[in-house]
Amino acid sequence: MRAFPAGRDEPVTQYISTRGGMSPLGFCDILLGGLAPDGGLVVPERYPSIDAATLQAWRDLDYPTLAFELLRRFADDIPHADLRRLAAASYRAEVFGSPEVTPLRQLDHGLYLLGLSHGPTLAFKDIAMQLLGQLFEYVLERRQQFLNILGATSGDTGSSAEHAMLGKERVRVFMLSPDIGMSPFQRAQMYALQAPNVFNVAVRGVFDDCQDLVKAVSEDAQFKARYRIGAVNSINWARIAAQVVYYFKAWLALGAKPGQPVSFAVPTGNFGNVCAGHVARQMGLPIHRLIVATNENDVLHQFFRTGVYRPRLGHQVQRTSSPSMDISKASNFERLVFDLVGRDPQRLSALWRELGQRGEIDLGASGEVAAVETFGFVSGSSSHADRLRVIRQARGDWGLLLDPHTADGIKVALEERQPGEQVICLETALPAKFEATIREALGETPPRPPGYADLESRPQRYDLLEADVDALKAYIAGRAG
Ligand SMILES: *Cc1c(COP(=O)(O)O)cnc(C)c1O
């Protein structure tokens, strides 16, 4: 049973592993880690619950205060005054372009767009990452520790992490990116950063080479401990918790009546964003359906359709015009499966062993896939032609420029929505990040937000490394904090 500390009326949130091999830990203890020690994902022992009266009382809260109210239920080992300050520092109008932080806009009858891409790198990942930057600094300061973050990126995650960790004295960021393949805009977003705690490493090779290097370094336990190597990848629980906030914010901004269900359409890759929607629903937010949109890499759509989860091999992943959704496996998906199997770690572990051996699992055969419907999930996928069509349609019908990922979501939302259903589509990036596709769809270049006009012509700072583990280790050893 969980403890109720003196003077508190709510139980403490403890974290466990989906595979059952980790004794319960508090939020600050899981914050800096990646996978649980048993290879599973970290999840709260149970989801905090928000009743209808509490939700009503939150009607007029601004974004930072709402974030605090939700986060304190996940991070109850941080004193309230501190958490309030961290939320306020993360969600400032100057950083996200407006006091709303995530503005909601109506597109059509029953159709809305939630703007999540007004942070420093113009993609929704900034919302979680900005908070992570504040939380990391806070916990490291409290513990008098330093952290060297090592990551690999093919675009959005790396730049978002670097911008969030800028100037954080106890954090250094070593971000590997392929020397070919990123758009000039994406390269410049990282390489033009002049912060002394950020190290851009261009690796001669492709994204998989970068990822293999990170894996090799992380598997060297001695090196990892000596240089305090950490990660900010998409399985980090704090990122999911931060993303829960805007589902609540959107429901409140819509002015929904008490208990009125609303659906969300979510462009999906690693299943982080929509996993936060699932958590919000489990916490009691009235969500009717979670509409999962994939692109041609439709591993998840196939699962929701058939109950079979079959990750792709690296070479089977297609390069598409919504590249941030080009995934081989969906790293957060294990969290959903944990809930689908009734939060039984033994069953989950058996399934993942089977996945390792056979390359697929079938929850249709066992009947466990039925819970997918109870949880409100539906799915669809889109092609390059679909995205171009939706980008044109949005321009014509709503006078709106969409990025190709958001277009994936709206395509599936339009296809799946039912009469009378209110659907909020999540905007995951601004079109300025993906100029080539917008030009192909509309024959025009999307405008850039102020401050980004000369991005590619700014001086760039990076080091070029061969795809060699020892070279990378030497590089880190010479620069680690
Ligand atoms: C990361 C990303 C996605 C996919 O989000 P997940 O949380 O991995 O499902 C979609 N669109 C954009 C623009 C992204 O950067």
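Computed from the coordinates by the stated procedures, all read-outs in this text should not be read as laboratory data. Note that the structure is predicted; figures quoted are calculated from it, not measured. Virtual Cβ from ideal backbone geometry, glycine too; neighbours counted across all protein chains shown.
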D (µm²/s, integer) via Stokes-Einstein for the chain, Kirkwood Rh across alpha-carbon pairs, 10 °C, 1.306 mPa s: value 70
In the stretch 392-456, which GluC sites (Glu not before Pro) are in a loop and have at most 16 other Cβ atoms within 10 Å, using DSSP for the loop call?
-> Glu421, Glu444
With 26 Å as the limit, write out which pairs from Lys215/Lys411; Lys168/Lys249; Lys168/Lys329; Lys125/Lys329; Lys125/Lys215; Lys257/Lys329 have Cα-Cα distances beyond it, or answer none.
-> Lys215/Lys411; Lys168/Lys249; Lys168/Lys329; Lys257/Lys329
Percent of Cα-Cα distances greater than 19 Å, calculated over the stretch 344-425 | 57
May I ask for log10 I(q)/I(0) of the stretch 276-368 at q = 0.11, 0.18, 0.22, 0.24 Å⁻¹, from a Debye sum over the Cα atoms as equal point scatterers with solvent left out?
-> -0.35, -0.92, -1.25, -1.36
Please work out the C-alpha center-to-center distance from the stretch 341-408 to the stretch 34-52 and express it in whole Å.
-> 21
Specify, per residue and in Å³, the volume enclosed by the convex hull of the alpha carbon atoms belonging to the stretch 100-159.
-> 106
Mean 1/r over all different Cα pairs, inverted: what Kirkwood radius does the stretch 47-185 give, in Å?
-> 16.8
Selection of trypsin sites (Lys or Arg not before Pro), the stretch 63-113, meeting DSSP coil and at most 15 other Cβ within 10 Å = Arg92
Under Karplus coefficients 6.51, -1.76 and 1.60, residue-wise ³J(HN,Hα) of the stretch 64-77 in Hz, glycine/proline x | x, 6, 4, 4, 4, 4, 6, 5, 5, 7, 9, 10, 7, 9
Using θ = phi - 60° and the Karplus relation 6.51 cos²θ - 1.76 cosθ + 1.60, list the HN-Hα couplings for the stretch 153-164 in order, rounded to whole Hz, with x at every Gly or Pro.
-> 9, 10, x, 5, 5, x, 5, 5, 5, 4, 5, 6
What are the ³J(HN,Hα) values, in whole Hz, obtained from phi via the Karplus relation 6.51 cos²θ - 1.76 cosθ + 1.60 with θ = phi - 60°, for each residue of the stretch 361-374 in sequence order, with x given for Gly and Pro?
-> 10, 10, 8, x, 4, 7, x, 5, 5, 4, 5, 3, 6, 4
Separation in nanometres of the label points that stand 7 Å from Cα toward Cβ, at Thr54 and Ala350 = 3.5
Total charge of the residues flanking Ala293 in space, meaning their Cβ is under 15 Å from its Cβ, with Lys and Arg +1 and Asp and Glu -1, is -3
Please label the shape of the stretch 133-200 as rounded, prolate or oblate, based on the square roots a ≥ b ≥ c of the eigenvalues of the alpha-carbon gyration tensor (a/c under 1.5 means rounded; beyond that, a/b larger than b/c means prolate, else oblate).
-> prolate
Restricting attention to the alpha-carbon atoms of the stretch 435-479, what are Rg (one decimal) and Dmax (integer), both in Å?
-> 18.2, 48
Formal net charge of residues neighbouring Trp58 (Cβ-Cβ distance under 10 Å; K, R +1; D, E -1) | 0
GluC sites (Glu not before Pro) restricted to the stretch 300-373 and DSSP loop, no more than 16 other C-beta within 10 Å = Glu360
In the neighborhood of Glu141, defined by Cβ-to-Cβ distances under 13 Å, what is the net charge if each Lys or Arg adds +1 and each Asp or Glu adds -1?
-> +2
Remind me, relative contact order of the chain in percent, using alpha carbon pairs under 8 angstrom and six or more residues apart?
-> 18
